[in-house]
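Read-outs: derived from the displayed coordinates by stated rules, not from any lab. Remember, predicted model here, so these are calculated numbers, not experimental data. Backbone-built Cβ (ideal geometry, glycine too); neighbour counts: all protein chains shown.
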Number of protein chains: 2
Amino acid sequence: MRTLSTIEHEERKRRLLQAVIHQYIKTGKPVGSAFLAGGRSLDLSPATIRNVMGELEREGYLTHPHTSAGRVPTDKAYRFYVDSLVDLQRLAIKEEERIRQEHESRIREINELMLSTSKTLSVLSNYTGFVTAPGVDQSRLQHMELIPLDAHRLLAVMVSDTGVVKHRQVVFEGPYPRELLEPLEQTLNQRLRGQPFTRVRETLLDHIEAIHQRQMDMLEFARHVTEEAFAPGESADIYVEGAGNILSLPEFSGPDDLRQLVHVLDEKRALGDLIREEWGVQGSGARFPAVRVSIGSENRSPDMKNVSLISSCYTLGDRQVGVLGIIGPKRMEYSRMMNLVNQMAQAVTTALNRMVGGPHE
Amino acid sequence: MRTLSTIEHEERKRRLLQAVIHQYIKTGKPVGSAFLAGGRSLDLSPATIRNVMGELEREGYLTHPHTSAGRVPTDKAYRFYVDSLVDLQRLAIKEEERIRQEHESRIREINELMLSTSKTLSVLSNYTGFVTAPGVDQSRLQHMELIPLDAHRLLAVMVSDTGVVKHRQVVFEGPYPRELLEPLEQTLNQRLRGQPFTRVRETLLDHIEAIHQRQMDMLEFARHVTEEAFAPGESADIYVEGAGNILSLPEFSGPDDLRQLVHVLDEKRALGDLIREEWGVQGSGARFPAVRVSIGSENRSPDMKNVSLISSCYTLGDRQVGVLGIIGPKRMEYSRMMNLVNQMAQAVTTALNRMVGGPHE
DNA sequence: TTTTGGCACTCCAGATGTGCGAGTGCTAAT
DNA sequence: ATTAGCACTCGCACATCTGGAGTGCCAAAA
């Protein structure tokens, strides 16, 4: 029989590995040599396959659960698999339609958009879907309003250019100078429009003496309002849906793995940090690979060593303002899921830009 | 031996039942006659105890998991047990302190109050804690503001007397008459202040012709704003914390029970309805029993047949505006938990009233 | 009449054993 | 380089066994 060149050999190995992973993803059970020999794409005997699998195991792509079980892909194998999925072949039109239908109905507010998005992700993937709301870090103040509530409380309403509305009560010990409300509001709007949220507080406190031109009263008033309104608050607006889905998977039978996972989902703050970290590292500089995949131990959090995270970001203009994605088992249909996440990211981007731009822009 | 009167007999039975439940709550394992005989409070032989337990079983208070296991309390037994816990003896001062400390720090906004409350409940109980935000049904509109965003969008901000702020974008097809903003705002505030939220929409739409006095333009404008601003939106503001806690309990080992439960917690909307229903039935009319307990099958939802729900409501003035509580296994330390929930309800009531009333009232 | 000790009985839980099948690794033949 | 064949290894499912915990009932004691 003809001698195989090293290149051909490697190529075959790769094909075999893909077959193993593919099969394992489908069934979730360790896959043995006999089965693969049965499939038509590889035309080899079980014995040969065994040899190759042996190699792959030595190179760290496969493992045995125990001596006489089939092979199971390692994280390294998944990584290889995902990397080779550059194609990202278009979803069948049908599925694309499905996404639209499921998602596009009645979203008018940011809040609804987030809710709808996480739910859609969860339903279509059958795993856990999440979205982070447009981050305060990335947004700029567009408008600010001070609404008097009573003699010693007023409500500061802040609207960001991403369409997110935040509000905050400002409480005074005694009655505040009501007549200064409007002038202050004007000043604030003048100075703050377009400022990134993160800096708004310091900038303003730094330059607040400029207000002094008017009145001594105003100074204290302005300072207090600023302090309170822009005090760092609860962050981590993250929407999670379908946490239950993931629990019904066979691989999470042990109550230990399971609890870990729920713990992650429970601690939304932590989850938010994790996701932001994932996307924060390399800024929007790199021509973005659109969809990122973290497999098992590649994740920062050890609690997520048994799951994979597929995420993408959505943008407003050219700023990436939020992240969305799904959390599922390591063995999942990566190509479909990556597509789903990708589509959703685009959908959200579109929706967001239209919402903020208004219907006529 | 002396004859026992029926009364004495019943009394003993009761004591025995309590002992069984108590023990089962502690250990989670079926309790047998021998064990109870060992305890000093009952001074009876195992045989006698068996007899009595037999009776209790026939009356539906106890069951066998299988022929030769100890007895396990039924829902009926738990109900009995809870009903007999009228005492609600004060928590040890220490624990009361703990609640204060854990909870009272830095809550200034309703949102933070809710967050902090559910978290506190969860941490102190080690189960799952929840709070429903002050219901829209129970609140009245206190103030309303219309903030122009751009040529065809404005933001309606509504403040309820419970301190909850809602906002909503109103989008116009074309530009709206900006000069009518202030008059409309005034009119709205005049007519709507003090109206219950639930009715605000119809009332206004009914009487909207009254505005007609001014201008024809105004009519359409006002109608559109009203429609959009008060359109029924996402309801179910419910905060849930510590969903993970409950999963680590031995009784939820089977993935089936477990998934049910997570499902409930996942579907916050459903959970909210459930809870509201629980408290909606008999209005605030009855001198309120402060803390309510639903055990297993007493719950409306079949998904909750394996857990108990301990809840109480908090009030603003004399209106009960929200519900809080914990979800835990049927076998839990009812007296302690009921106390906890009770305390928390009082704490939230205090905080809420102070917040809304302001620091000087 | 009530309580109690005794006893037979039941049934689960855990330990132990067995056969089977799936899958491997190696070697010798092709 | 590939393949067939074969011995070997384990885990899994199943049956079997056994100890113990707990019951129900009965007859004796209080």
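Its Cα centre serving as origin, the range B:6-83 has a Cβ charge dipole (Lys and Arg +1, Asp and Glu -1) of approximately 260 debye.
Measuring r between the beta carbons of B:Thr27 and B:Leu85 and using R0 = 22 Å, the FRET efficiency lands at 0.70.
If R0 is 35 Å, the Cβ-Cβ spacing of A:Ser41 and A:Val123 corresponds to a FRET efficiency of close to 0.60.
Could you tell me the calculated FRET efficiency between A:Leu205 and B:Asn189, based on Cβ-Cβ distance and R0 = 30 angstrom, to the nearest 0.05? Numbers along the way, then the final one.
Details: r = 33 Å, r/R0 = 1.10.
Computed FRET efficiency for A:Leu205 and B:Asn189: 0.35.
Computed from phi, the 3J(HN,Hα) profile of the range A:290-298 under the Karplus parametrisation 6.51, -1.76, 1.60 (θ = phi - 60°) reads 6, 10, 10, 10, 10, 10, x, 5, 5 Hz, with x in place of Gly and Pro.
Taking each residue in B:168-175, count the Cβ atoms of any other chain within 10 Å of its Cβ, then average. What number comes out? The partial results should precede the final answer.
Numbers: counts 4, 8, 1, 4, 3, 2, 2, 1.
Taking all residues of B:168-175 together, the mean is 3.
Residues whose amide H comes within less than 5 Å of that of A:Thr162, counting only those at least five positions distant or on another chain, are A:Arg140 (H built at 1.01 Å from N in the peptide plane).
Please compute the net charge surrounding A:Gly325, taking Lys and Arg as +1 and Asp and Glu as -1 over other residues with Cβ under 13 Å from its Cβ. Here the count lands on 0. Remark: the range B:260-275, residue by residue, has Karplus-estimated 3J(HN,Hα) of 3, 5, 4, 4, 4, 5, 5, 7, 4, 4, 4, 4, x, 4, 4, 5 Hz, where x stands for each Gly or Pro and the curve is 6.51 cos²θ - 1.76 cosθ + 1.60 at θ = phi - 60°.
Once you order the gyration tensor axes a ≥ b ≥ c over the Cα atoms, which shape class does the range A:6-83 get: rounded for a/c under 1.5, otherwise prolate or oblate by comparing a/b with b/c? Because its axes are fairly even, with a/c under 1.5, the range A:6-83 counts as rounded.
Derived scalar couplings between HN and Hα for the range A:147-158 equal 10, x, 9, 8, 4, 10, 9, 9, 10, 9, 10, 10 Hz in order, rounded to whole Hz, by the Karplus curve 6.51 cos²θ - 1.76 cosθ + 1.60 (θ = phi - 60°), x for Gly and Pro. To make sure I understand the rule: partners must be aspartates and glutamates, Cα under 13 Å from the Cα of B:Lys268, and not fewer than 8 residues away in the same chain. Which ones qualify? Here the aspartates and glutamates satisfying the reach criterion relative to B:Lys268 are A:Glu241, B:Glu234, B:Asp237, B:Glu241. For B:Gln195, the residues whose modelled amide H falls within less than 5 Å of its own, excluding neighbours fewer than 5 places apart on the same chain, are B:Leu141.
Annotation: amide H-H contacts under 5 Å for B:Thr315 (H modelled 1.01 Å from N, sequence separation of 5 or more, or interchain): B:Val321, B:Thr349. Within a straight-line Cα-Cα reach of under 12 Å, A:Lys305 can be paired with the following aspartates and glutamates, leaving aside sequence neighbours fewer than 8 residues apart in one chain: A:Asp75, A:Asp257.
For the range A:139-229, evaluate the Debye formula with one uniform point scatterer on each Cα (no solvent term) and list log10 I(q)/I(0) at q = 0.14, 0.25 Å⁻¹, rounded to two decimals. With no solvent term, the Cα-only Debye profile gives -0.45, -1.43.
Counting Lys and Arg as +1 and Asp and Glu as -1 over every other residue whose Cβ lies under 15 Å from the Cβ of B:Thr27, the net charge comes to +3. By the count of neighbouring beta-carbon atoms within 10 Å, fewest first, B:Ser301, B:Ser125 end up ordered B:Ser301, B:Ser125.
Would you please state which residues of the range B:38-65 a label at B:Glu11 would reach in this model, taking the label point 7 Å out along Cα→Cβ and a backbone N cut-off of under 11 Å? Output list for this probe position: empty. Across the range A:291-356, the relative contact order, built from alpha-carbon pairs under 8 Å that are at least six residues apart, equals 29 percent. The residue among A:Thr67, A:Leu16, A:Tyr81 whose Cα reaches farthest toward the positive pole of the charge dipole of the range A:6-83, with charges on the beta-carbon of Lys, Arg, Asp and Glu, is A:Thr67.
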